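Every number here is computed from the coordinates shown, using simple stated rules; none is lab data. Predicted model, so just to flag it, every value in this text is computed and none were measured. Every residue, glycine among them, receives a Cβ derived from its backbone with ideal geometry; neighbour counts consider all protein chains shown.
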């Protein structure tokens, strides 16, 4: 098995190029590896594909304003170009809406349960099971957890939004300033790596909300 990063290193291409190749119908299909959330491929199938489709030097074609005729694979959430990048942004927006709803419910419950928490002022292992549950899931704690989840999601969302802005700048420079374009291209590879690290984490954050409207099975880890 071989990962996206290993494909790039093995075949002497950038990670962004690998993401472009992945959108082609002829590229090998990913395979699941038990215990890993990273995308894997069969090394022999990838090698055969590169032998039949050697990389071509020249202008990048994945910076077109629209990716017309390109297959879409939203499950990866690693911020591929065009349509799939927008899908990643939609995922972030949906998950943030769920966290906002959790916050609204927790703040509303805080006032209603104030008398209960006045009585249960501290955690005691000997207290009744229902009281322990209330103590562990009091609104103040839930709000802290929501804040933590938002910070984790931001690690992924910031990479998504940074790449949106970066790609817009790259389109402006693709013909006029090749040197600066190359620097931005390398910077883009770093954003892709960040998204690959935190994309699976974001999908796990969304999993508890799988029963809510708008959840897509393509987001399931």
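Structure above, values below:
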item	result
Gain on full stretching of the segment that runs from residue 165 to residue 89 - 0.36 nm per residue minus C-alpha separation	26.1 nm
At R0 = 30 Å, FRET efficiency that the Cβ-Cβ distance of residue 101 and residue 155 yields, to 0.05	0.90
For the stretch 1-58, fraction of C-alpha pairs farther apart than 13 Å, in %	58 percent
Length added when fully stretched, residue 175-residue 31, from 0.36 nm per residue minus Cα-Cα	48.1 nm
Label-point gap, in nm, between residue 183 and residue 144 - each point 7 angstrom along Cα→Cβ	4.4 nm
Using a Förster distance of 45 Å, the FRET efficiency for residue 210-residue 43 (Cβ separation, nearest 0.05)	0.85
